[in-house]
1. Residues in segment 142-174 that are buried (at least 18 other Cβ atoms within 10 Å of the Cβ), at pLDDT below 95 and closer than 22 Å to residue 75 by Cβ: how many?
2. Could you tell me whether any residue of segment 83-102 is touching a helix residue (DSSP H, G or I) at 6+ places or on another chain (Cβ under 6 Å) and in contact (Cβ under 8 Å) with a residue 60 or more places away in the chain?
3. Given the criteria part of a helix (DSSP H, G or I), over 27 Å from residue 21 (Cα atoms) and in contact (Cβ under 8 Å) with a residue 24 or more places away in the chain, does residue 157 qualify?
4. For segment 67-96, what are the residues that are surrounded by 16 or more Cβ atoms within 10 Å (Cβ to Cβ) and under 21 Å from residue 152 (Cα atoms)?
5. So in segment 122-139, with the set limited to residues that are in contact with a helix residue (DSSP H, G or I) (Cβ under 9 Å, 6 or more places away or on another chain) and closer than 19 Å to residue 101 by Cα, which one is surrounded by the fewest Cβ atoms within 10 Å (Cβ to Cβ)?
6. For segment 26-141, list the strands (runs of 3 or more DSSP E) that sit wholly inside it and hold at least 2 residues that are in contact with a strand residue (DSSP E or B) (Cβ under 6 Å, 6 or more places away or on another chain), on the phi < 0 side of the Ramachandran plot and modelled with pLDDT under 95; which are they?
């Protein structure tokens, strides 16, 4: 069932917010009053995933300029996330990260957002934009072999914030309908 227009499913997951203890949780309530770009990815230490995660990180200031936070989620453990974050980019790692990765180790959140591939125990590439009131305003889910576009994610976020009807190929600064 599409989540757009409905309250975002609640979540409470361990995260890499504190890389020393790995004990800090992230919850939907943490993002109340701000936009949240939450994306699911299949697995740590894979090939397409680091290109997306680092691309989001490289443009994090643009998300922050739009009063948005970014949160990555997979069904891996926080320990795997930490190891991957600490692995250099040239060794298929993330080489540091300025936003948290959350561990949906129980797969409850991937199930709630309808992105769990049960037979594999991994998440599909799902991206959700949640508004400051906790409503899902955008969702896209696609094949694991295709990385997401940060440009398109930023464009959609700005369109949602524009407060009007945005025609096809709308870009920030274009007229609204």
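The values are calculated or read from the model by the stated rules, or taken from the named source; none is laboratory data. These numbers come from a predicted model, not from an experiment. When we count neighbours, we look across all protein chains shown, and the Cβ atoms used for this are built from the backbone with ideal geometry, even at glycine.
1. 1
2. yes
3. Yes.
4. Of everything in segment 67-96, those that are surrounded by 16 or more Cβ atoms within 10 Å (Cβ to Cβ) and under 21 Å from residue 152 (Cα atoms) turn out to be 68, 69, 70, 71, 72, 73.
5. Looking only at segment 122-139, we keep the residues that are in contact with a helix residue (DSSP H, G or I) (Cβ under 9 Å, 6 or more places away or on another chain), and these are 122-127, 129-132, 134, 137-138.
Then keep just the ones that are closer than 19 Å to residue 101 by Cα; that gives 122-127, 129-130.
Numbers: 122: 20, 123: 26, 124: 18, 125: 21, 126: 21, 127: 22, 129: 24, 130: 26.
Checking each candidate, the answer is 124.
6. Strands (runs of 3 or more DSSP E) meeting the threshold: none at all.
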